[in-house]
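Asks: What follows is a structure written as structure tokens; I'll ask about it next.
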Number of protein chains: 2
Amino acid sequence: MINNIQRYISLSEEEKNYLNSICSIKHLHRGDHLLQEGAVCRYDAFVLEGSLKGYIIDPVSGREEILFLAIADWWACDLESFHSQTASSMNITAITPATVALISHSAFNELLERIPKLEKYFRIILQNHAAALQTRIYLRNAQDAKSRYKTFLQKYPALNAAIPQYLIASYLGISAEMLSKIRAQKD
Amino acid sequence: MINNIQRYISLSEEEKNYLNSICSIKHLHRGDHLLQEGAVCRYDAFVLEGSLKGYIIDPVSGREEILFLAIADWWACDLESFHSQTASSMNITAITPATVALISHSAFNELLERIPKLEKYFRIILQNHAAALQTRIYLRNAQDAKSRYKTFLQKYPALNAAIPQYLIASYLGISAEMLSKIRAQKD
DNA sequence: ATTATTTCTTGAACCAGTTCAATTTATTTC
DNA sequence: GAAATAAATTGAACTGGTTCAAGAAATAAT
């Protein structure tokens with residue numbers, strides 16, 4: 001996590017120690033929930049190992065709509081619920097056994113007061129995140145299913161390797177069956 | 001703009017004056033470009049009056065894919081191009097005559113150094129923006145065209161009133177013809 | 001190692017939404 | 001306020017993708 005932060009700002013030893021002191025490490029089994037629908041998102045989680053999915057369960061069909069997939073070196077949280085400390089409509093669950101570093105909401109706010117330059121770090125990763133989400137919307141609207149899958153493979157080979165195909169399909173807004181058929185096409 | 005900022009942080013008179021001093025006001029005619037594909041996004045623009053669209057022209061079909069719509073009190077910029085000062089693949093154009101307040105890239109960086117608490121403001125609006133984009137992706141994948149339109153009407157009545165229907169259709173990932181038919185259905 | 005569970009595949013029927021084309025209605029612009 | 005342009009509507013033909021169902025392959029659990 002510290003390496004990730006230091007890609008954008010530099011930290012003193014003291015600051016690193018402080019950061020370490022406020023994070024708690026949690027191990028998740030496959031299927032364990034980091035956040036459940038209806039609960040408040042209490043932690044911002046930085047993924048150290050394994051993979052997680054963020055999704056909403058369709059109240060009618062009961063199907064999972066994948067919002068995001070997260071592997072090592074990514075943050076995973078419901079931004080809105082975490083920052084306003086209100087009930088989330090999202091679930092975050094471990095796809096595989098996973099290890100995450102957790103920062104509670106109060107520790108997060110204190111952290112930003114103690115080390116104000118972290119505002120900059122979070123602003124920058126949010127900028128990148130927003131730009132990526134914008135691109136995802138564009139691709140969803142502009143490209144057909146096959147192109148979206150190809151673009152995904154090119155852009156996120158690590159995600160593709162780590163995550164079951166039917167979850168990738170949902171992430172891309174494609175049915176699992178369609179993605180299977182796309183893969184079967186030679187090309 | 002200052003009112004918008006003060007929803008999240010408070011500014012002294014001096015800070016307000018400084019902010020005013022670095023912004024330039026620009027009037028746009030209908031159809032004027034704030035940013036053209038291939039150019040670097042030099043300014044972060046805060047919309048004071050009128051409406052703008054951000055879009056990508058499909059290299060194959062030549063059609064506009066709407067990325068975002070902006071009216072008064074919204075920021076409009078290509079985040080990635082602005083922050084890395086690299087060529088944008090996006091266009092930003094005035095839909096109606098519009099007035100915007102512009103902050104150049106260098107002034108933006110200087111601003112954040114001079115008034116560090118603005119990092120917090122921009123972090124928060126980016127948080128909200130990212131959460132909204134996430135929701136847009138979810139709705140795109142989970143709901144059919146009619147539901148998406150209804151959700152849009154409920155969520156952004158001001159946008160709906162200000163923006164031509166065929167641009168809203170593109171924003172929602174619907175054809176203009178389909179949206180017209182949806183509107184014709186007596187609910 | 002075996003069993004249980006999850007994930008992936010394939011085919012057939014179907015349908016939500018697109019495309020194309022032609023017309024009508026609004027809105028600009030001079 | 002007429003002419004020009006932009007925006008919205010409607011219908012018919014089509015298609016990219018979904019849904020359903022059933023079986024095969026892969027992975028996890030004990």
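Asks: Between region B:3-59 and region B:131-155, how many Å separate their Cα centres?
Replies: The distance from the Cα centre of region B:3-59 to that of region B:131-155 comes to 26 Å.
Asks: Here is a further query. What list of whole percents do you get for P(r) of region B:66-187, with Cα-Cα distances grouped in 5 Å bins up to the one holding the largest distance?
Replies: For region B:66-187, the pair-distance distribution reads 2, 8, 16, 20, 18, 14, 10, 6, 3, 1, 0, 0.
Asks: Which value, in debye to the nearest 20, gives the size of the charge dipole of chain B about its Cα centre, when Lys and Arg are +1 and Asp and Glu are -1 at the Cβ?
Replies: Rounded to the nearest 20 debye, it is 760 debye.
Asks: Additional query: At a Förster distance of 25 Å, what's the computed FRET efficiency of B:I9 paired with B:A158, Cβ-Cβ distance as r, to 0.05? Let's see the in-between values first.
Replies: On the way: r = 25 Å, r/R0 = 0.98.
Result of the calculation: an efficiency of 0.55.
Asks: Could you pull the Rg and Dmax for region A:10-51, using just the Cα atoms, both in Å?
Replies: When restricted to the Cα atoms of region A:10-51, Rg and Dmax are 13.5, 39 Å.
Asks: Using a Gaussian network model of chain A with C-alpha springs under 10 Å, which one of A:E64, A:E49, A:E14 is most mobile by mean-square fluctuation?
Replies: A:E14
Asks: Short version: which residues of region A:30-65 lose at least 10 Å² of accessible area, all chains versus chain alone, 1.4 Å probe?
Replies: A:I56, A:D58, A:E65
Asks: Figure the gain on full extension for A:R114 and A:I22 (residue separation times 0.36 nm, minus the Cα-Cα span) and round it to one decimal in nm. Before the final figure, lay out the partial values.
Replies: Numbers: separation 92, 0.36 × 92 = 33.12 nm, distance 1.19 nm.
Length gained, A:R114 through A:I22: 31.9 nm.
Asks: List, in order, the whole-Hz ³J(HN,Hα) value for each residue of region A:142-152 obtained from phi through the Karplus relation with A = 6.51, B = -1.76, C = 1.60 and θ = phi - 60°; use x for Gly and Pro.
Replies: After applying 6.51 cos²θ - 1.76 cosθ + 1.60, I find 9, 10, 7, 4, 5, 4, 4, 5, 4, 4, 4 Hz.
Asks: Kindly identify region B:139-187 as rounded, prolate or oblate by the Cα gyration tensor criterion: order the square roots of the eigenvalues as a ≥ b ≥ c, call it rounded if a/c is under 1.5, otherwise compare a/b with b/c, prolate if a/b is larger, else oblate. Please report the intermediate quantities before stating the final value.
Replies: On the way: a/c = 1.26, a/b = 1.10, b/c = 1.15.
In terms of gyration-tensor shape, rounded.
Asks: Nearest 10 degrees, 0 to 90: what angle lies between the long axis of helix B:13-22 and the longest principal axis of chain B (Cα atoms)?
Replies: Its long axis makes an angle of about 70 degrees.
Asks: What lysines sit close enough to B:K26 to cross-link, taking a C-alpha to C-alpha distance under 18 Å and skipping anything fewer than 8 places away on the same chain?
Replies: B:K53
Asks: So what is the accessible area of region A:2-115 per residue, in Å², with the probe set to 1.4 Å?
Replies: Details: 5630 Å² over 114 residues.
Spelled out: the 1.4 Å probe surface of region A:2-115, per residue, equals 49 Å².
Asks: Here's something else I'd like to know. Please report, to two decimal places, log10 I(q)/I(0) for region B:2-116 at q = 0.11, 0.13, 0.18 Å⁻¹ as given by the Debye formula with identical point scatterers on the Cα atoms and no solvent.
Replies: Those come out to -0.38, -0.52, -0.93, one per q.
Asks: Over the alpha-carbon set of the protein assembly as shown, work out the extent along each principal axis and list the three values in angstrom, largest first.
Replies: 57, 54, 40
Asks: Something else: Taking the Cβ-Cβ separation of B:I2 and B:E49 as r and a Förster radius of 22 Å, what is the calculated FRET efficiency to the nearest 0.05?
Replies: Given R0 = 22 Å and the Cβ-Cβ separation, E is 0.90.
Asks: Could you run the numbers on buried accessible area between A and B, total for both chains, 1.4 angstrom probe, in Å² to the nearest 100?
Replies: Buried area (both sides, nearest 100 Å²): 2900 Å².
Asks: Right, here's the next one. A drop of at least 30 square angstrom in accessible area, chain alone versus all protein chains together, probe 1.4 Å. Which residues of region A:94-128 meet that?
Replies: The answer is A:E119, A:R123, A:L126, A:Q127 - residues whose exposure falls by at least 30 Å² when every protein chain is included.
Asks: Right, here's the next one. How about A:K146: which lysines have a C-alpha closer than 21 Å to its C-alpha, ignoring those fewer than 8 places off in the same chain?
Replies: Hits, sequence-local ones excluded: A:K155, A:K181, A:K186.
Asks: Leaving out ligands, DNA and RNA, what percent of the accessible area of chain A is carbon and sulfur, probe 1.4 Å?
Replies: Reported share for carbon and sulfur atoms: 50 percent.
The values are calculated or read from the model by the stated rules, or taken from the named source; none is laboratory data. The model shown is predicted, which means the values in this text are computed figures rather than measured ones. Don't worry about glycine lacking a Cβ; one is built from the backbone with ideal geometry, like all the others, and counts go over all protein chains shown. Just the protein is used for accessible areas: all its heavy atoms, side chains included, with ligands, DNA and RNA removed. Shrake-Rupley method; radii C 1.70, N 1.55, O 1.52, S 1.80 Å.
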